[in-house]
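None of the figures in this text is laboratory data; all of them are computed from the coordinates on show. Note that this is a predicted model, so its numbers are computed, not measured. Positions of Cβ are generated from backbone atoms using ideal geometry, with glycine treated the same way; all protein chains shown enter the neighbour counts.
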Amino acid sequence: MNDSQLIAVLASIVLQASPLIIAVCGEILTERSGIVNLSLDGTMLMSAMTGFVVGMQTDNYWLGFLAAAVVGAIFAAIVAFGSIRLGQSQVAIGFVLTLLGDDLSAFLGQNYVRMTGAVVPRAGIPLLKDLPILGPILFNQNIVVYFAILLIVATWWWLNRTQAGLRLRGAGERPTAAFARGVDVNRVRYLYTILGGALVGIAGAAYSLNVKIGWSDGHVRGFGWIALAIVIFGGWSPIRGAFGALLFGATKALATVLQRAFPEVSVVAFNAIPWALMILVLLAVGSDYTERFIEVMPRRWQRPLRRILRVSPPMALGTAFHEG
Amino acid sequence: MIDFLVRNPRLGRLFDLLLPLLATLAALAVGAIMLQLLGANPFVAYRALLEGAFGSQNALADTIVRATPLLLVGLGICIAFRAGVINIGGEGQFIAGALPATLLGLSFPDAPAIIIVPAALLCGFLGGAVWGSIPGLLKAYFNVNEILSTIMLNIIALQFMNFLLRGPMIDPVQLQAASAIPQTARLNPAFDLPRWVPTRLHAGALLAVALAVVVYILLWRTTIGYRIRAVGFNPDASRYAGINVKRNIVLALLLSGAFAGLAGAVQVYGVSHRMITDGSTAGFTGNAGFNGIVAALFGKLHPLGAIPASFIFGALIVGANSLQRAMQVPAALITALNGLVVVFVVCSDIFSRRLARRRQIGVVEVGSKGAGEQGGGGAGERPAAAANVGPPDSGGVKPAPPATAAKVSAPIKPVAPVAGKEASSD
């Protein structure tokens, strides 16, 4: 493989990872406020279908993204309403919505299978795209990829550097304390669940309009679960999450490259590798054994190692909050 | 209407039992609107559905055959969910059970059926148990979220099955044929589960019903089941009481996977007599791993409740297929109809839980009122919601025994301590 091929592969990894990054950022906003939106897989199927169909009918991909965001927001609103107002298990609601989104997208999208529609055109950024190496990888892409990159920074900044982000984290970490300081916890949770859902919707459309163009039954099945796993791997941090999405994209690209290099090994092995790796990664970041490993390291390394290897979820994740 | 049901506990309980049925009817009503929109007469369509599911001996047998894997998977789901672990890996565990069972039958085609069939079912049970215990171990000892790990293990199992059926386990006949359909050879007909000729009904259905009773006994009449339920109910209290929480989580997922694996083996030996794939999971399992979850929820996570629940679901699937043939409506409508039923059933569950909570508030009210009278005042602390429940002594609402008091759901928790504190401070 020569340099230009390598750059092309890296650029495709960034492209492949962009919808995942968007979905991961959305889910991070939701989970940091204390709600688990488990419906990601179904939401992305529905929004991918909606985005494609609307984009095709109006011949305008912007409207496709808008419609997909609305669908994502509606699914998320159901999760928020069910868990906050009705006091139901967030996991059960999310799972049922996953099944529903899968079935409903197959039903509603059946007349649009394997058709061509609007696609997001490539749009290189002048000057930046001529940068050596980085230019073709990051800046000779299209609006979806730039949005994903901006979103990583914006989400990080919003969470860690703004008042609103502090309230958001308060709702997810110690809702009673946040409530005592005047935060309307459940309103914050509604807000970020719906906002996160809209981003997940955009991610679904980013597949059907940009990365995996078109629609077929179960078009983006599985990516929602991957995004949920990456949120955990990323320790609920957008920057680490984006790194996880790129890593997942890289393992898939690597599988393709290896498959070409070793045609005698079954394609199945390479298809299964990214998933098995995901399990191993989840295992590593959550395990008590990792903590023990860190403790036997020199004192000076412990803090940075812990920051890299360990993650812990928002303390109030998945629990209901009741005022008073 | 809710008030009425709260005040009449017997009616309320009857309503609780009928609720899943009502929910199904409501979903079918919405489905009727969709059928109308597609230009099909809903009455004719539902007639076709009913006839397809119950209309003849064969139809009824097909319904039961379809319900069998749902029941078996559902039994496992009951165990897992009762232990507080969400097992979404039914699909993968189904495959993990079917593969070794099929392999056994293919490896010893001349062995006596009396040995092979039970051994194959055992293989299925063990295969599923192994596949189910992986997320169990990961969750118990490495804090890996079981929802994510089961989903990923589903995909890994699927890939592995596709690999085996396209390569090492492929039917030698298919290998020669140009079509090369990924399927194994047919098992020796001697190994087929006993069948009630001329229908397709096989002995697996009986086995599933018998196992439902076994699971009921396991969960409610043995210490093992008590521990599993205790861990699901309150892990911290269970740990304090000396129950090994980690081991019970592994056990619950292991058993859960084992039942899904058994379902896979029963499906192979009772229905398909070979393994075949279309590249997706649904091609082999028929979505039994997911629909089993729904059937279990439908049966309120009770093994005996899962029997009628999976029967109704089997009827819906079989009937919907004949509806599709009769009316020429798109196949996707059927899956959407199933999805609707699931949503309505879960909504009905929400409704009945709210009903239960209202009743609980009534119960707490009795307790807090007694405490309030003793302490002289403090009745004003009660939430407004309790006010419209009706007189506390109506309809045989008993004072809360300690066990129910612990079950009182979160929103009304503050009430009891407030009342208690006042009583003691006076």
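Below are the figures for this structure:
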{"read-out": "Order by protection proxy (mean Cβ within 10 Å, highest first), peptides B:69-76, B:126-133, A:312-319", "value": "B:69-76, B:126-133, A:312-319"}
{"read-out": "Rounded to whole Hz, the Karplus (6.51, -1.76, 1.60) HN-Hα couplings of the range B:90-96, x for glycine and proline", "value": "x, 4, x, 5, 4, 5, 4"}
{"read-out": "Peptide-level mean, for B:152-160, of C-beta atoms on other protein chains within 10 Å", "value": "6"}
{"read-out": "Volume in Å³ per residue [convex hull over Cα atoms, computed for chain A]", "value": "168"}
{"read-out": "Geometric extent, Cα atoms of the range B:114-159 - Rg, Dmax (angstrom)", "value": "13.3, 43"}
{"read-out": "Mean projected area (nm²) of the alpha-carbon convex hull when the protein assembly as shown is viewed from all directions", "value": "37.8"}
{"read-out": "Long-range amide H partners of B:D171 with built H, under 5 Å", "value": "B:Q183, B:T184, B:A185"}
{"read-out": "J(HN,Hα) series, the range A:167-175, from Karplus relation 6.51 cos²θ - 1.76 cosθ + 1.60, nearest Hz, glycine and proline x", "value": "5, 4, 5, x, 5, x, 8, 9, x"}
{"read-out": "Globularity index of the range A:64-115, i.e. its alpha-carbon radius of gyration over 2.2 N^0.38 Å", "value": "1.33"}
{"read-out": "Semi-axis lengths, Å, the range A:1-90, gyration tensor of Cα atoms, sqrt of 5 times eigenvalues", "value": "31, 20, 9"}
{"read-out": "Per-residue HN-Hα couplings for the range B:76-83 [Karplus 6.51, -1.76, 1.60; θ = phi - 60°; Hz; x = Gly/Pro]", "value": "x, 4, 4, 5, 5, 5, 5, 8"}
{"read-out": "Above-threshold pairs, the threshold being 29 Å between Cα atoms, out of A:K252/B:K246; B:K246/B:K300; A:K212/B:K300; A:K129/A:K212", "value": "A:K252/B:K246; A:K212/B:K300"}
{"read-out": "Distance cut-off 22 Å, percentage of C-alpha pairs in the range A:80-155 lying past it", "value": "59"}
{"read-out": "Over the range A:229-277, relative contact order from alpha-carbon pairs under 8 Å, at least 6 apart, %", "value": "26"}
{"read-out": "Global geometry of the range B:41-328, whether rounded, prolate or oblate, following the gyration tensor of its Cα atoms and the 1.5 cut on a/c", "value": "oblate"}
{"read-out": "Nitroxide proxy distance, nm - points 7 Å out along Cα→Cβ at A:F262 and B:F233", "value": "5.1"}
{"read-out": "Proxy reagent accessibility, fewest Cβ within 10 Å first, across A:R299, B:R166", "value": "A:R299, B:R166"}
{"read-out": "Overall dimensions of the range B:139-204 by Cα: Rg and Dmax, Å", "value": "18.2, 51"}
{"read-out": "By average C-beta atoms within 10 angstrom, highest first, the peptides B:56-62, A:150-156", "value": "A:150-156, B:56-62"}
{"read-out": "Cα gyration tensor category, rounded, prolate or oblate, for the range A:207-281 with a/c compared to 1.5", "value": "oblate"}
{"read-out": "Least to most buried among B:K139, B:K300 (fewest other Cβ within 10 Å first)", "value": "B:K300, B:K139"}
{"read-out": "Debye equation applied to the C-alpha atoms of the range B:117-254, log10 I(q)/I(0) at 0.12, 0.16 Å⁻¹", "value": "-0.74, -1.06"}
